[in-house]
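The values are calculated or read from the model by the stated rules, or taken from the named source; none is laboratory data. Bear in mind that the values here come from a model prediction, so they are computed numbers and not experimental data. Backbone-built Cβ (ideal geometry, glycine too); neighbour counts: all protein chains shown.
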Amino acid sequence: MTFKAGVHVTLRPGIADPQGLTIERALPALGYEGVSGVRVGKMIEFDLDATDAAEAESKVRGMCEQLLANTVIESYTWSVDAGEES
């Protein structure tokens, strides 16, 4: 069965986010006032073959821990949705 996976990776609280700070400083110049706490992350989406949802979730968790997120400075959330049977 094919599953749709989505992983959202962000810097952990307390880790400096220079991209977020740059965006936060630029927004008022574009007319967007009152924006604070901007954090930049990444979204990774992919299809995954697995026998069931539990296996798909286990694979995604492993991918996050081993490659997709630097768990020293980043945190992540993920979702797995059933796709079509292959």
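Quick one: is Ser75 of a type in the set (S, T, N, Q) and surrounded by 12 or more Cβ atoms within 10 Å (Cβ to Cβ)?
Judged against the criteria, Ser75 is a match.
Can you tell which of Leu48, Leu67 is of a type outside the set (Ser, Thr, Tyr), within 20 Å of the chain's Cα centre (by Cα) and part of a helix (DSSP H, G or I)?
Leu67
Kindly list, by first and then second residue, each pair from a residue in the range 5-21 that is under 11 Å from Glu74 (Cα atoms) to a residue that is among the polar types (S, T, N, Q) and not in a loop (DSSP other than H, G, I, E, B), limited to pairs with Cβ atoms under 7 Å and residues at least 6 apart or on different chains.
His8/Thr77; Thr10/Ser75; Arg12/Ser75
Scan the range 71-82 for residues that are in contact (Cβ under 8 Å) with a residue 24 or more places away in the chain and under 16 Å from the mean Cα position of the chain (by Cα) and jot them down.
Step one: filter the range 71-82 for residues in contact (Cβ under 8 Å) with a residue 24 or more places away in the chain, giving 73-82.
Answer for the range 71-82, where residues must be in contact (Cβ under 8 Å) with a residue 24 or more places away in the chain and under 16 Å from the mean Cα position of the chain (by Cα): Ile73, Glu74, Ser75, Tyr76, Thr77, Trp78, Ser79, Val80, Asp81.
Taking Glu55 as the residue in question, decide whether it is surrounded by 11 or more Cβ atoms within 10 Å (Cβ to Cβ), more than 15 Å from the chain's Cα centre (by Cα), not in a loop (DSSP other than H, G, I, E, B) and not aromatic (Phe, Trp, Tyr).
yes
Give the number of residues within the range 14-44 that are charged (D, E, K, R), surrounded by 13 or more Cβ atoms within 10 Å (Cβ to Cβ) and either closer than 15 Å to Phe3 by Cα or in contact with a strand residue (DSSP E or B) (Cβ under 8 Å, 6 or more places away or on another chain) (or both).
Summing the residues that are charged (D, E, K, R), surrounded by 13 or more Cβ atoms within 10 Å (Cβ to Cβ) and either closer than 15 Å to Phe3 by Cα or in contact with a strand residue (DSSP E or B) (Cβ under 8 Å, 6 or more places away or on another chain) (or both) in the range 14-44 gives 2.
Which condition from (1) surrounded by fewer than 12 Cβ atoms within 10 Å (Cβ to Cβ); (2) part of a strand (DSSP E or B); (3) polar (S, T, N, Q) is the one that Thr10 breaks?
(1)
Report every pair of residues separated by at least 6 positions or lying on different chains whose Cβ atoms are under 9 Å apart, first residue within the range 45-70 and over 12 Å from Lys4 (Cβ atoms), second surrounded by 12 or more Cβ atoms within 10 Å (Cβ to Cβ) and at pLDDT below 95.
Within 9 Å, the pairs are Thr51/Met1; Asp52/Met1.
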